[in-house]
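Visitor: Can you keep this structure in mind? I'll have questions shortly.
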Amino acid sequence: MSSGKGGWSAQNEGMSALLRRAKKKPADRVVTLVGKPGCHLCDDARLVVREVCEETGASWEEKDITQDEGLHREYWEQIPVVLIDDEQHTFWRVDPARLRSALLS
């Protein structure tokens, strides 16, 4: 039976390197606000997204649900929707602390 200590250490170092690569810096993240014109919740969400992205260095974009049939089908009842790197983060109300935490983790 081998001690496995040397093998574990090398394997652990490899996993640590993999995890470090997988974690993105805020500047490498893209926040997408999915909404529509005339939506007061979307206006509120835009302010939060803009502020948090400026603070963290993340980039952000806005997509109009009325101009994209796929987004309309998927998110119509949830707007505004916030995506981080194309994965849904939240909908309706955007909590600035939660968005900031997600971008920094």
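Visitor: Skipping prolines and chain starts, which residues have an amide H placed within reach, meaning under 5 Å, of the one on residue 62, given they are 5 or more residues away or on another chain?
Guide: Those qualifying (amide H under 5 Å, at least 5 residues apart or on another chain) are 33.
Visitor: Among all the aspartates and glutamates, which ones have a C-alpha under 20 Å from residue 63's C-alpha, if same-chain residues fewer than 8 places away are not counted?
Guide: Straight-line reach from residue 63, under 20 Å: 28, 43, 44, 51, 54, 74, 77, 85, 86, 87, 95.
Visitor: So if we plug the beta-carbon distance of residue 63 and residue 104 into 1/(1 + (r/R0)^6) with R0 = 35 Å, what FRET efficiency do we get, rounded to 0.05? Walk me through the numbers before you get to the answer.
Guide: On the way: r = 24 Å, r/R0 = 0.68.
With a Förster radius of 35 Å, E is 0.90.
Visitor: While we're here: Mind giving me the nanometre distance, one decimal, between the label points for residue 87 and residue 55, set 7 Å out from Cα along Cα→Cβ?
Guide: Output for this residue pair reads 2.2 nm.
Visitor: Would you kindly find the accessible area of residue 81, with a 1.4 Å probe and non-protein molecules such as ligands, DNA and RNA excluded, rounding to the nearest 10 Å²?
Guide: 0 Å²
Visitor: Can you work out the Karplus-derived ³J(HN,Hα) for every residue in the range 43-54? Use 6.51 cos²θ - 1.76 cosθ + 1.60 with θ = phi - 60°, whole Hz, and x for glycine or proline.
Guide: 4, 5, 4, 4, 4, 5, 4, 4, 4, 5, 5, 5
The values are calculated or read from the model by the stated rules, or taken from the named source; none is laboratory data. These numbers were taken from a predicted model, which means no experiment stands behind them. Every residue, glycine among them, receives a Cβ derived from its backbone with ideal geometry; neighbour counts consider all protein chains shown. To get the accessible areas, we keep the full protein, side chains included, count just its heavy atoms, and leave off ligands, DNA and RNA. Shrake-Rupley method; radii C 1.70, N 1.55, O 1.52, S 1.80 Å.
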